[in-house]
1. As a check on your grasp of the helix formula, calculate [θ] at 222 nm for the chain: sum -39500 (n - 2.57) over DSSP H runs of n ≥ 4, divide by the residue count, round to the nearest 500.
2. Can you give me the angle between helix 124-147 and the longest principal axis of the chain, using Cα atoms only, in degrees from 0 to 90, rounded to the nearest 10?
3. In whole Å, largest first, what are the principal axis extents of the Cα atoms in the stretch 93-148?
4. Whole-Hz ³J(HN,Hα) for each residue in the stretch 17-22, computed from phi via Karplus 6.51 cos²θ - 1.76 cosθ + 1.60 with θ = phi - 60°, x for glycine and proline: what do you get?
5. How are the C-alpha pair distances of the chain spread across 10 Å bins, as whole percents from the shortest bin up?
6. Restricting attention to the stretch 37-126, which trypsin sites (Lys or Arg not before Pro) occupy a DSSP loop and are surrounded by at most 14 other Cβ atoms within 10 Å?
7. Give the Cα extents of the stretch 22-102 along the principal axes, in whole Å, largest first.
8. With all distinct Cα pairs included, what does the Kirkwood hydrodynamic radius of the stretch 2-51 come out to in Å, to one decimal, could you say?
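Just so you know, all these numbers are worked out from the coordinates, no wet-lab data involved. Remember, it's a predicted structure, so these values are computed and weren't measured experimentally. Neighbour counts run over all protein chains shown; Cβ positions are idealised from the backbone, glycine included.
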Amino acid sequence: MKFTYDVTVDAPQDRVWAILSDVPRAASLMPGVESVEAQPDGTYRGAVRVRIGPIGLTLAGRVEVQQDREAGTWRLQARADDRRVGAGVSSSVETVITEPAPGQTQMRVGADVQFSGRLGQLGQPLIKKKADDMVQQFAEGLKRAVAG
């Protein structure tokens, strides 16, 4: 499934980049994140607990983050599984960050997410609703973080 979101934050780009560059801090803004640990190879291991319709999951896996401030891009590659439930997620996220006006940051988020196992059996509208909710909560948390 492909998702696209536009998020506007009333803060300068530097403040948004400061939060996104601190991966554990940025992850803490996403609902359901239980852990994020930096690995020696520069990747992260983490776990997130989510409920999508009738299925409750704790997805554990690996995340790689790449950022290029000059190009204004923040990329994430992730793979996580819940062996107990027999489900998994693989995602590629690219965020383009611009400052259309002084003190305002625009983030265009594009995600390509593949679901496997029991998650693959759920309907797209159910998954889309959960993704929309999670992005909205992340955006609200980011706005609070840059304001504080």
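1. On the way: 3 runs with 39 residues, N = 148.
Calculated mean residue ellipticity at 222 nm is -8500 deg cm²/dmol.
2. 30 degrees
3. Principal-axis extents of the stretch 93-148 (Cα, largest first): 45, 21, 15 Å.
4. 4, 4, 6, 5, 6, 9
5. Answer for the chain: a P(r) of 11, 42, 35, 12, 1 percent.
6. Numbers: sites: Arg45, Arg49, Arg51, Arg62, Arg69, Arg75, Arg79, Arg83, Arg84, Arg108, Arg118; in loops: Arg69, Arg83, Arg84.
Counting only loop positions with at most 14 other Cβ atoms within 10 Å, the trypsin sites (Lys or Arg not before Pro) in the stretch 37-126 are Arg69, Arg83, Arg84.
7. The Cα atoms of the stretch 22-102 stretch 46, 32, 19 Å along their principal axes.
8. On the way: mean 1/r = 0.0786 Å⁻¹.
One decimal place: 12.7 Å for the Kirkwood radius.
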